[in-house]
1. Any idea how many residues of the stretch 8-38 are surrounded by fewer than 20 Cβ atoms within 10 Å (Cβ to Cβ), assigned to a helix (DSSP H, G or I) and of a type in the set (S, T, Y)?
2. Taking the stretch 130-155 as the search range and keeping residues that are closer than 13 Å to Q188 by Cα and more than 16 Å from ligand 2 (Cβ to nearest atom), which one is modelled with the highest pLDDT?
3. Does I300 satisfy the criteria of being out of contact with any strand residue (DSSP E or B) (no Cβ under 6 Å at 6 or more places or on another chain), assigned to a loop (DSSP other than H, G, I, E, B) and among the aliphatic types (A, V, I, L, M)?
4. Taking the stretch 351-400 on its own, how many of its residues are touching an Asp or Glu at 6+ places or on another chain (Cβ under 9 Å), modelled with pLDDT of 95 or more and exposed (fewer than 14 other Cβ atoms within 10 Å of the Cβ)?
5. Kindly list, by first and then second residue, each pair from a residue in the stretch 264-288 that is surrounded by fewer than 15 Cβ atoms within 10 Å (Cβ to Cβ) to a residue that is outside any helix (DSSP H, G or I), limited to pairs with Cβ atoms under 7 Å and residues at least 6 apart or on different chains.
6. Here are some residues: K48, K3, K30, K13. Which one is within 13 Å of ligand 2 (Cβ to nearest atom) and among the basic types (K, R)?
7. Restricting attention to the stretch 314-322, does a residue exist that is in a helix (DSSP H, G or I), in contact (Cβ under 8 Å) with a residue 40 or more places away in the chain, of a type outside the set (D, E) and over 27 Å from I70 (Cα atoms)?
8. Answer yes if at least one residue in the stretch 127-138 is in contact (Cβ under 8 Å) with a residue 40 or more places away in the chain, under 28 Å from the mean Cα position of the chain (by Cα) and away from ligand 1 (no atom under 16 Å from the Cβ), and no otherwise.
Amino acid sequence: MNKEEIDLHASLKKYFGFSKFKGLQESVIKSLVSGDNTFVIMPTGGGKSLCYQLPALIEEGTAIIVSPLIALMKNQVDAIRAVSQHDGVAHVLNSSLNKTEIKQVKEDIKSGITKLLYVAPESLTKEENVEFLRSVTISFMAVDEAHCISEWGHDFRPEYRNLRHIIKRIGDNIPIIGLTATATPKVQEDILKSLDITDANTFKASFNRPNLYYEVRPKTKNVDADIIRFVKLNEGKSGIIYCLSRKRVEELAQVLQVNGIKAVPYHAGLDAKTRVKHQDMFLMEDVDVVVATIAFGMGIDKPDVRFVIHHDIPKSIESYYQETGRAGRDGGEGHCLAFYAYKDIEKLEKFMSGKPVAEQEIGHALLQEVVAFAESSLSRRRFILHYFGEEFDNETGEGGDMDDNVRYPKKQHEAQDNVVV
Ligand code: ADP
Ligand code: MG
């Protein structure tokens with residue numbers, strides 16, 4: 001190790017208590033601290049935050065971190081404050097602060113104490129904030145959840161579109177690091193263009209999750225019974241069941257309860273207190289199963305979720321990947337079971353019909369991929385990874401036989417059944 005590497009490892013230990021970098025972290029950090037634009041694509045849980053937090057802590061000046069979710073910003077700020085001498089080391093700048101608080105934030109930045117300043121993109125459009133940030137030393141800008149820039153991403157935020165313009169105003173030569181867990185080539189291209197960092201050093205981690213088993217079954221009117229049977233076979237294990245509608249969530253949770261399964265519902269229509277209660281019951285293992293809409297999962301880190309069931313097929317491969325990705329975080333078993341009926345695709349198409357045409361076209365294209373995936377008789381892992389621009393050989397790749405199609409090839413089955421001896 002050279003001096004720079006020794007220093008980085010020392011800082012990793014000092015600030016985060018880790019003795020090793022995870023995956024591509026060290027290369028990413030070296031790229032950023034050398035002043036290059038940098039682009040990071042890593043699956044959720046890959047350790048993206050540290051790629052900007054560590055450089056921010058060791059560089060001169062303040063790093064600006066753009067992030068779409070206030071709750072996530074607060075979590076990060078608390079975590080960093082906990083390992084630092086001074087609360088001013090990290091701040092959030094948003095509309096909820098009063099005058100005195102804003103004054104304090106600005107003083108801390110000017111005095112050089114603040115190493116990380118988290119901002120929502122809306123706050124950056126405020127003229128007074130831009131003016132202020134122009135007048136202080138900025139180490140770099142990090143754009144977390146950078147897929148929010150792209151209409152092809154799952155979480156498009158129009159305010160993200162202006163970021164390049166604002167960053168240029170804050171300073172001309174500020175290095176930019178963009179980070180996302182969205183791996184589709186289209187979204188990546190959008191991010192690089194929109195942030196004007198096509199020169200960026202790009203670091204992409206593999207999206208393969210070798211411990212997850214992928215399975216798609218036809219959805220019939222007996223789907224509830226199928227789910228009950230599956231959950232009973234996996235008694236005592238933690239699982240998430242995703243449904244499209246709140247109504248279905250409530251119904252299915254009840255059906256499971258009646259059948260002696262410890263389950264709770266979770267969706268955005270429940271009051272905040274109930275949501276927190278049900279989430280905690282799942283985390284504390286008072287219940288085995290949470291039946292939920294996609295409102296459940298963001299930022300939830302239960303390492304030993306053993307199955308994720310899709311009662312309704314998701315609207316994109318990305319959503320499917322994110323949601324199934326909540327299984328087997330600890331590296332142990334994770335069974336991903338999706339129920340599929342073409343009828344549900346038509347339902348999803350219908351939901352979009354009120355939207356602007358451009359949005360409908362994108363939605364339709366994304367759904368066609370879901371159909372292709374669900375109806376495929378080839379390696380599911382290979383399909384998913386190909387979708388993310390990654391070549392995968394299921395003969396040699398890790399987890400290559402971990403799906404229904406590879407393990408129980410359909411064509412041969414049918415062929416055998418038809419053989420008349
Ligand atoms: P992402 O933003 O990519 O989804 P996070 O930044 O939230 O991932 O990190 C996921 C988890 O990995 C966190 O619990 C974090 O503390 C942990 N982590 C990050 N870097 C390391 C490391 N070098 N060694 C061990 N754990 C790490
Ligand atoms: Mg993150």
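The values are calculated or read from the model by the stated rules, or taken from the named source; none is laboratory data. All values derive from a computational prediction rather than experimental measurement. Note: ideal-geometry Cβ built from the backbone for every residue, glycine included; neighbour counts use all protein chains shown.
1. Residues that pass the stated criteria total 3.
2. Of everything passing the filter in the stretch 130-155, S150 is modelled with the highest pLDDT.
3. yes
4. The number of residues fulfilling the criteria is 1.
5. As it stands, the answer is A268/T293; A268/A295; L283/K302; E285/S238, since those pairs meet every condition given.
6. Being within 13 Å of ligand 2 (Cβ to nearest atom) and among the basic types (K, R) holds for just one of K48, K3, K30, K13, which is K48.
7. No; the residues of the stretch 314-322 include none that is in a helix (DSSP H, G or I), in contact (Cβ under 8 Å) with a residue 40 or more places away in the chain, of a type outside the set (D, E) and over 27 Å from I70 (Cα atoms).
8. yes
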